[in-house]
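J.: Take a look at the following structure, please.
No lab work stands behind these numbers, since they all come straight from the coordinates. Owing to the predicted nature of the structure, the values given are computational and were not obtained by experimental measurement. When we count neighbours, we look across all protein chains shown, and the Cβ atoms used for this are built from the backbone with ideal geometry, even at glycine.
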């Protein structure tokens, strides 16, 4: 059976993606800063683990507790809306710590295991703002755009190990996970 680890499952795309894969019979490792089992009532294939993607210690503990991971979905993220010139640099750094460096750190943690097994899929969730920039979202867009380039390069690095790196660029509207399922199953 396939095991998928999803970051940022407390709401939105992460929550719906976790529910979707549970419905498909996968073993789901749902992660969030403060685990809330009430989000997943009656899910025997669910493992709920605490994870802060900005903490190397938290990442190491979660990946060790997870065991073999077939698919990693890097979904955890935070947004910032407002005029760039009025956004404090401390907040911009926090956005990049989660949206960019958190994704990279999760990839570094799982790649050695996937490479050793010569199998795996990494799905990085960005945003449709990387396709069409929007006003009042400069820092958020930059943090997600960095992951676009990172994922493209990663796909080249990992391809010969039979490990795939893919992107999902969701837009605004109802939360769905239609884009993640085909990517996770494309092996």
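J.: With axes computed from alpha carbons, what is the tilt in degrees of helix 56-66 against the longest principal axis of the chain, rounded to the nearest 10 within 0 to 90?
T.: Once rounded, the angle reads 30 degrees.
J.: Once you place label points 7 Å from the Cα toward the Cβ at residue 155 and residue 91, how far apart are they in nm?
T.: The modelled label-to-label distance comes out at 3.3 nm.
J.: Assuming a ≥ b ≥ c are the square roots of the Cα gyration tensor eigenvalues, decide whether the stretch 88-143 counts as rounded (a/c under 1.5), prolate (otherwise, with a/b larger than b/c) or oblate. Before the final figure, lay out each step's value.
T.: Details: a/c = 6.21, a/b = 1.93, b/c = 3.22.
Because a/c hits 1.5 or more and a/b fails to exceed b/c, the stretch 88-143 counts as oblate.
J.: Note the angle between two axes, namely the Cα long axis of helix 102-117 and the longest principal axis of the Cα atoms of the chain, as a number of degrees from 0 to 90, rounded to the nearest 10.
T.: Roughly 30 degrees between the two axes.
J.: Okay, moving on. Give the calculated FRET efficiency between residue 64 and residue 2 to the nearest 0.05, with a Förster radius of 30 Å applied to their Cβ-Cβ distance.
T.: Working: r = 20 Å, r/R0 = 0.65.
E between residue 64 and residue 2, to the nearest 0.05, is 0.95.
J.: I've got another one for you. For Rg and Dmax of the Cα atoms in Å, the choices are [x] 15.8, 49; [y] 18.1, 56; [z] 15.9, 53; which was calculated from the structure?
T.: Only one listed value fits the structure, namely [x].
J.: Could you check the simple spin-label distance between residue 131 and residue 56, using points 7 Å along Cα→Cβ, in nm with one decimal?
T.: 3.7 nm
J.: Using per-residue counts of other Cβ atoms within 10 Å, averaged over each peptide, order 76-82, 15-21 from highest down. Kindly include the intermediate steps, with their values, before the conclusion.
T.: On the way: 76-82: 17.4, 15-21: 22.9.
My ranking of the peptides, most packed first, is 15-21, 76-82.
J.: If I model a spin label as a point 7 Å beyond the Cα along the Cα-Cβ vector, how far apart are those points for residue 81 and residue 169 in nm?
T.: About 2.1 nm separates the two model spin labels.
J.: I would also like to ask the following. Using only Cα atoms, locate the centre of the stretch 1-48 and the centre of the stretch 114-173, then give the distance between them in Å, rounded to an integer.
T.: With the stretch 1-48 and the stretch 114-173 each reduced to a Cα centre, they are spaced 21 Å.
J.: Here's something else I'd like to know. For the chain, find the longest principal axis of its Cα atoms and tell me its angle to the long axis of helix 12-23, 0 to 90°, nearest 10.
T.: The helix 12-23 is inclined about 10 degrees to the chain.
J.: At a Förster radius of 30 Å, what calculated FRET efficiency corresponds to the Cβ-Cβ distance of residue 119 and residue 23, to the nearest 0.05?
T.: Values: r = 23 Å, r/R0 = 0.78.
Given R0 = 30 Å and the Cβ-Cβ separation, E is 0.80.
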